[in-house]
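Working notes, structure below.
The values are calculated or read from the model by the stated rules, or taken from the named source; none is laboratory data. Predicted model only: the values in this text are computed from it and were never measured. Cβ sites come from the backbone with ideal geometry, for glycine too, and all protein chains shown count toward neighbours.
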2 protein chains.
Amino acid sequence: MAADAEREGRSVTGRALRLLAAFDVAHPALTLSELARRAELPLATAHRLAGELESWRALERGSDGRFRVGNRLWEMGLLAPVSSRLRQVALPYMQDLYEATRENIHLAVRDGFDTLYVEKLCGHRSVPIVSRVGGRLPLHATGVGKALLAGADPAVREGYLGRTLPRPTGFTLVERGRLDRELRAVARRGYALTREEMTLGSVSVAVPVAQVGSGPDTQGAARRDGTGDPPPEPAAALGIVVRSHRADPARLVPPLKTAAQAIARRLEETARDPAPGLEHELPPLPR
Amino acid sequence: MAADAEREGRSVTGRALRLLAAFDVAHPALTLSELARRAELPLATAHRLAGELESWRALERGSDGRFRVGNRLWEMGLLAPVSSRLRQVALPYMQDLYEATRENIHLAVRDGFDTLYVEKLCGHRSVPIVSRVGGRLPLHATGVGKALLAGADPAVREGYLGRTLPRPTGFTLVERGRLDRELRAVARRGYALTREEMTLGSVSVAVPVAQVGSGPDTQGAARRDGTGDPPPEPAAALGIVVRSHRADPARLVPPLKTAAQAIARRLEETARDPAPGLEHELPPLPR
DNA sequence: TCTTGGCTTCCGTTCAGTGGAAGGCCCCGG
DNA sequence: CCGGGGCCTTCCACTGAACGGAAGCCAAGA
């Protein structure tokens, strides 16, 4: 740890990124001193680096003197594949699902040991829900999370199950054996069902969105041979959250599967073609 | 320029940010060499820095060896106020507008001399449109842009009008005098109307979302006195884009104004209260 | 008035960052 | 089969950019 701490912040880039990482949902705006404290940097250093980040508009400084994440960084972030490809492709299908059900529709990916929420549609009428776009929740307690974990690389599943898992409600499965069995069932069935395992009163149904042949050239050809590579981890998971007293959530599975398949297909298609129309973009140089 | 170029990339932070800035909509995935060329950095330097950014998950490297913007950066970006406050607050009202009209609903802010699109709702049925969340378009050619420019600081308006303006269609107003008159009219009316000035066949209507008293303590008190500070620049603009043959787009103004007012009010309210519920967030330390 | 806490600037020291060069890999064309 | 041209990676001696302690400024509060 001493060695790690030694290594981590030693590089300039590292220090700069530590400044950025000092922001989170609970602290979206920080004074210089707070920033320095949270990033564990000397004030003078934080001042210089934050100033530099500001001049590049990675940070912005409000009239109150506080630093916030800058529009430039937000713009950059939108270029991440989760947003610019996955979200883009999935959105119309998610909207169809929303309009048909008027419930919370979720799109998530696995990021390390977390469910990372990529998009969420909800109206006034939907169950209020803890998820947040860009937010994280444990994999084992959410519908989309179980769908992702069930399809994940065995090594990842092992690693996940080998830890002490948080237990948001009394219904959350945390014992290794039961959770493992549940995940196998999810994999077999092709969908995950979660009953109040994250939030009391909420039930969720989720299906994986299949990863297409990873290369850009596996097109119509018969998937290798019958044998082969273990099935690739799902690209994402698509889920719906409803009130627990709603009749038969399993009824939602077929439309979910249809949408997931369509998304997977479109993901594969768009993996090939070049770039969409470019416009009038990212013009101003900083400083 | 020589001096600028000299200054810009000289700092490590600068170099790192140049790497990030090498990505754009048309180039969301870059090989190391492309990255180095686009950032104008020696290959060895780009290699080292990109590796460091990767270890912090600001960049990710695909199985094809290409770098892409990382999920971590995307997550960070979502903490920017445009997304975490403005978008958050505006979204439900935008959805109401969408459900009532089924047309493209836009939320945008001014960023320098550009319209920066913060959110966009559109269904299958809406006019296909050039805007993109996180994308930029000229201020003078779009509905939201004109609403923003009309309310902007006079210095900004001056600066904008003093340049040579792009002319996406034959209907775009680019002569200084006419555009200036148009902007005054927009300010007087309280809404902007754009007829095929950006895209042939599309018309848009937009209203400003008022900036609330900037301090967190101007609450109920009478706005200073009658005299005072020039009216603050709008926080954002809200707009609808429809096909040009649709009857009377001005009919959309009242609902837009209502929504914009509601958004402004909620923005003011949420400016005060502390932080929303924090959860299970940003857990893993890199490397 | 004095204190406290936040912010900014300065400047001499030093060590992290630099980038040319060399080597490995793969693909293509002769 | 070999040579050339992409890519990517690693190495390492030099050097100037980054560091951060310290001092000074300002505003709020006691």
- Message: Restricting to region B:49-87, give me the number of residues that are within 7 Å of chain A (Cβ to nearest Cβ), closer than 30 Å to B:Gln211 by Cβ and not acidic (Asp, Glu).
- Response: 11
- Message: modelled with pLDDT of 95 or more, within 12 Å of DNA strand C (Cβ to nearest atom) and either within 11 Å of another protein chain (Cβ to nearest Cβ) or touching a Cys at 6+ places or on another chain (Cβ under 9 Å) (or both): is that true of B:Leu19 in this structure?
- Response: yes
- Item | Residues located in region A:121-138, provided they are modelled with pLDDT of 95 or more and either away from chain B (no Cβ under 11 Å) or assigned to a strand (DSSP E or B) (or both) | A:Arg136, A:Leu137, A:Pro138
- Query: Can you find a residue in region B:58-66 that is surrounded by fewer than 22 Cβ atoms within 10 Å (Cβ to Cβ) and in a helix (DSSP H, G or I)?
  - Reply: no
- Message: Criterion first (more than 10 Å from DNA strand D (Cβ to nearest atom) and not assigned by TED's automatic domain parsing to the domain that holds B:Arg246) does B:Arg72 satisfy it?
- Response: yes
- Note on the structure: Scanning region A:20-56 residue by residue, those touching a residue at least 60 places away in the same chain (Cβ under 8 Å) and within 14 Å of DNA strand D (Cβ to nearest atom) turn out to be A:Ser55, A:Trp56
- Item | So A:Pro154, is it within 21 Å of A:Leu256 (Cβ to Cβ) and surrounded by fewer than 17 Cβ atoms within 10 Å (Cβ to Cβ) | no
- Selected residue (criterion: nearest to B:Lys120 (Cα to Cα)) from residues of region B:36-92 that are under 17 Å from the mean Cα position of the chain (by Cα) and charged (D, E, K, R): B:Arg87
- Query: Do the conditions hold for A:Val144, that is, is it touching a His at 6+ places or on another chain (Cβ under 6 Å) and at pLDDT 95 or above?
  - Reply: yes
- Within region B:87-97, the count of residues that are out of contact with any strand residue (DSSP E or B) (no Cβ under 6 Å at 6 or more places or on another chain) and under 20 Å from A:Ala80 (Cβ atoms) comes to 1
- Quick check: is even one residue across region A:67-82 more than 22 Å from B:Ala22 (Cβ to Cβ) and either within 16 Å of DNA strand C (Cβ to nearest atom) or in a helix (DSSP H, G or I) (or both)? yes
- Message: Being touching a helix residue (DSSP H, G or I) at 6+ places or on another chain (Cβ under 8 Å), over 30 Å from A:Gln211 (Cβ atoms) and either more than 8 Å from chain B (Cβ to nearest Cβ) or away from DNA strand C (no atom under 12 Å from the Cβ) (or both) is true for just one of A:Ala26, A:Ala39, A:Ala44. Which residue is that?
- Response: A:Ala39
- Query: Which one of these does B:Pro168 not meet: (1) within 11 Å of chain A (Cβ to nearest Cβ); (2) of a type outside the set (Lys, Arg); (3) touching a Pro at 6+ places or on another chain (Cβ under 9 Å); (4) in contact (Cβ under 8 Å) with a residue 40 or more places away in the chain?
  - Reply: (4)
- Query: When only residues in region A:215-236 that are in contact with a Gly (Cβ under 9 Å, 6 or more places away or on another chain) and modelled with pLDDT under 95 count, which is surrounded by the fewest Cβ atoms within 10 Å (Cβ to Cβ)?
  - Reply: A:Ala221
- Message: When you check B:Leu179 against the structure, is it under 19 Å from the mean Cα position of the chain (by Cα), among the hydrophobic types (A, V, I, L, M, F, W, C) and not in a loop (DSSP other than H, G, I, E, B), yes or no?
- Response: no
